[in-house]
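Asks: Dropping the structure in here first, questions after.
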Amino acid sequence: MQKPPKTIPLSEILPDEPMLLMGAGPVPIPYAVARANGVVINHLGETMNQVVRRVKEMSQYIFQTKSDHILGVAGPASAAMEMAIGNLVWPGRKVLTLKNGTFSDRFGLMAQRVGAEVTEISPTQEIGPISADQVREAFKKEKFDVVTMVQGETSCGVENVELPQIVKIAKENGALVIVDAVCTLTTMPLKMDQWGIDAVMVGGQKGLSSIPGVSLIAFSEEAWQVIKNRKEPRPHWCLDALLADEFWSGGGYHYTAPVPGVLAVFEALRLICQETLEKRFIRHKKSSVALQNAIEKMGIELFVPKEHRLNSVVSIDLPQGVDSVRLRDFMADHFHVEISGAFGLNIVRIGQMGEQCRSQNLFKTVHALGLAFRNEGVNVDLSAGMAALEEELAPEEGEFVR
Ligand SMILES: *Cc1c(COP(=O)(O)O)cnc(C)c1O
């Protein structure tokens, strides 16, 4: 018999004081969400059915849709992306992928794996959004069945600001549109029905301030008809939308739902409905703009120009000689604040999603960031940064970022 390994309690691995998660996700979760995540109930039966019904109803609000084709996914946001691709794309389908970073690229990789012919459009400058003009040009040359894009590209901090126009062009040309709103949903407007989007997905661990590993996806009626009528073999079992719907619409067994995660999402959605989207958007914008101004007032440059800068994830240019890992370790070791590096870019990223947009978190983060830059030998004006934060967060018309 093989011997068990030497064990240690988890408390010896975790820090005594939890890290403040100010990176590109996961983000801090409210107490109500954490508490719900500690509960297991039967995954089938009237209690769970009621939970699921209400999760769907609250999801209709956050997606701004009347569609009932809303499913939870036991998996990361990438699994929800894969559900959209696996159900709407099959061998020979022509997919136009709007690629401006790691996550928008992922759609193209997934589509290739199910046999699609993928055409990519990249931004006209190295880092930036995809324009409606570029999409219009692409449709002049070719016909596409599906267009994929992100609302916000987390990897570099760019917002596809022409999203509504792009969706319109794609729809006029008969394509279905899949939008990844993983880092943006509930942090800024997204109107699924009004803009005509066919599939939108979100993970738990970003704007919703829930746990990672349970995601939500909404399909339009048009997309649902495509899924129902497809003749081609369906490659996935867990991610088959029709099978998943047996649970999400009828309480039947597909696989055992991640019950605590669904309960956590329930609470996260409830808090969002209570706050209202209008107020939540204001809080996010105000918080992110305050952070951006504070960083600039310190004398540090932001990576993305204001016109298409993503508010949900703020990218910071690292001055010459600053080491990303050392900078972030300094913040973590001395202040218990974690921010993100980046894949292949000389930037660090600060998240502004859900609970990250609270004043106490902003003050703590900017303070830690300023001292970390100083430690790197950069002469920052930390007081000016802190003053900017105070000024920007001053309440107007009773709108507090508490
Ligand atoms: C985080 C993120 C993803 C991936 O989420 P996972 O839960 O890691 O799969 C996809 N798209 C965007 C825009 C994201 O920010």
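Asks: Looking at this structure, is residue 237 over 22 Å from residue 285 (Cα atoms), of a type in the set (Phe, Trp, Tyr), surrounded by fewer than 24 Cβ atoms within 10 Å (Cβ to Cβ) and more than 10 Å from the ligand (Cβ to nearest atom)?
Replies: In short, yes.
Asks: How many of the residues making up segment 356-367 are open to solvent by 10 Å² or more (accessible area, probe 1.4 Å) and among the hydroxyl-bearing types (Ser, Thr, Tyr)?
Replies: Result for segment 356-367: 1.
Asks: Next question, about the same structure. Having 2 or more residues that are open to solvent by less than 10 Å² (accessible area, probe 1.4 Å) and within 13 Å of the ligand (Cβ to nearest atom) is the bar; report the helices (runs of 4 or more DSSP H) wholly within segment 1-108 that clear it.
Replies: Ranges flagged: 77-88.
Asks: Could you list, in sequence order, the residues of segment 149-166 that are within 11 Å of the ligand (Cβ to nearest atom) and polar (S, T, N, Q)?
Replies: 151, 154, 155, 160
Results for (1) surrounded by fewer than 15 Cβ atoms within 10 Å (Cβ to Cβ); (2) more than 16 Å from the ligand (Cβ to nearest atom); (3) over 19 Å from the mean Cα position of the chain (by Cα), shown as yes or no for each residue.
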{"residue": "296", "(1), (2), (3)": "no, yes, yes"}
{"residue": "306", "(1), (2), (3)": "yes, yes, yes"}
{"residue": "312", "(1), (2), (3)": "no, no, no"}
{"residue": "323", "(1), (2), (3)": "yes, yes, yes"}
{"residue": "326", "(1), (2), (3)": "yes, yes, yes"}
{"residue": "331", "(1), (2), (3)": "no, yes, yes"}
{"residue": "334", "(1), (2), (3)": "yes, yes, yes"}
{"residue": "343", "(1), (2), (3)": "yes, no, no"}
{"residue": "354", "(1), (2), (3)": "no, no, no"}
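Asks: Now, a different point. Of the residues that make up segment 262-273, is at least one over 19 Å from residue 212 (Cβ atoms), among the small types (Gly, Ala, Ser) and either touching a helix residue (DSSP H, G or I) at 6+ places or on another chain (Cβ under 6 Å) or open to solvent by 50 Å² or more (accessible area, probe 1.4 Å) (or both)?
Replies: No, segment 262-273 has no match at all.
Asks: Select from segment 369-400 the residues that are more than 12 Å from residue 294 (Cβ to Cβ) and open to solvent by less than 10 Å² (accessible area, probe 1.4 Å) and list them in ascending order.
Replies: Residues satisfying the conditions are 372, 373.
Asks: Right, another one. Of everything in segment 156-168, what is open to solvent by 10 Å² or more (accessible area, probe 1.4 Å) and not in a strand (DSSP E or B)? Give them in sequence order.
Replies: Residues satisfying the conditions are 161, 162, 164, 165, 168.
Asks: Only one of (1) in contact with a helix residue (DSSP H, G or I) (Cβ under 9 Å, 6 or more places away or on another chain); (2) in a helix (DSSP H, G or I); (3) without any contact (Cβ under 8 Å) to a residue 40 or more places away in the chain; (4) of a type in the set (S, T, N, Q) fails for residue 119. Which number is that?
Replies: Going through (1) in contact with a helix residue (DSSP H, G or I) (Cβ under 9 Å, 6 or more places away or on another chain); (2) in a helix (DSSP H, G or I); (3) without any contact (Cβ under 8 Å) to a residue 40 or more places away in the chain; (4) of a type in the set (S, T, N, Q) one by one, residue 119 breaks only (2).
Asks: So in segment 167-180, with the set limited to residues that are within 16 Å of the ligand (Cβ to nearest atom) and touching a residue at least 60 places away in the same chain (Cβ under 8 Å), which one is nearest to residue 104 (Cα to Cα)?
Replies: 180
Asks: What is the number of the single condition among (1) in contact with an Asp or Glu (Cβ under 9 Å, 6 or more places away or on another chain); (2) surrounded by fewer than 16 Cβ atoms within 10 Å (Cβ to Cβ); (3) of a type in the set (A, V, I, L, M) that residue 177 does not meet?
Replies: Among (1) in contact with an Asp or Glu (Cβ under 9 Å, 6 or more places away or on another chain); (2) surrounded by fewer than 16 Cβ atoms within 10 Å (Cβ to Cβ); (3) of a type in the set (A, V, I, L, M), the lone unmet condition for residue 177 is (2).
Asks: Turning to a different aspect of this structure: Aliphatic (A, V, I, L, M) and under 20 Å from residue 320 (Cα atoms), is that true of residue 371?
Replies: Yes, satisfied.
Asks: Sticking with this structure for a sec: Find the residue count for segment 358-390, including only residues that are assigned to a helix (DSSP H, G or I) and free of Cβ contacts under 8 Å to residues at least 60 places away in the same chain.
Replies: 10
Asks: Which of the numbered conditions does residue 135 fail, given that it passes all the others? Conditions: (1) away from the ligand (no atom under 16 Å from the Cβ); (2) open to solvent by 10 Å² or more (accessible area, probe 1.4 Å).
Replies: (2)
Asks: Filter segment 191-229 down to the residues that are surrounded by fewer than 24 Cβ atoms within 10 Å (Cβ to Cβ) and within 13 Å of the ligand (Cβ to nearest atom) and list them by number.
Replies: If the condition is that a residue be surrounded by fewer than 24 Cβ atoms within 10 Å (Cβ to Cβ) and within 13 Å of the ligand (Cβ to nearest atom), then 211, 212, 213 are the ones that fit.
Asks: Could you tell me which residue of segment 281-304 is nearest to residue 158 (Cα to Cα), considering only residues that are touching a residue at least 60 places away in the same chain (Cβ under 8 Å) and part of a loop (DSSP other than H, G, I, E, B)?
Replies: 304
Asks: Sticking with this one: Which of (1) among the small types (Gly, Ala, Ser); (2) closer than 27 Å to residue 47 by Cα; (3) in contact (Cβ under 8 Å) with a residue 24 or more places away in the chain is the odd one out, the single condition residue 250 does not satisfy?
Replies: (3)
The values are calculated or read from the model by the stated rules, or taken from the named source; none is laboratory data. As the structure is a computational prediction, the values presented were derived from the model and not from experiment. Cβ: placed from backbone, ideal geometry, glycine included. Neighbour counts: every protein chain shown. Just the protein is used for accessible areas: all its heavy atoms, side chains included, with ligands, DNA and RNA removed. Shrake-Rupley method; radii C 1.70, N 1.55, O 1.52, S 1.80 Å.
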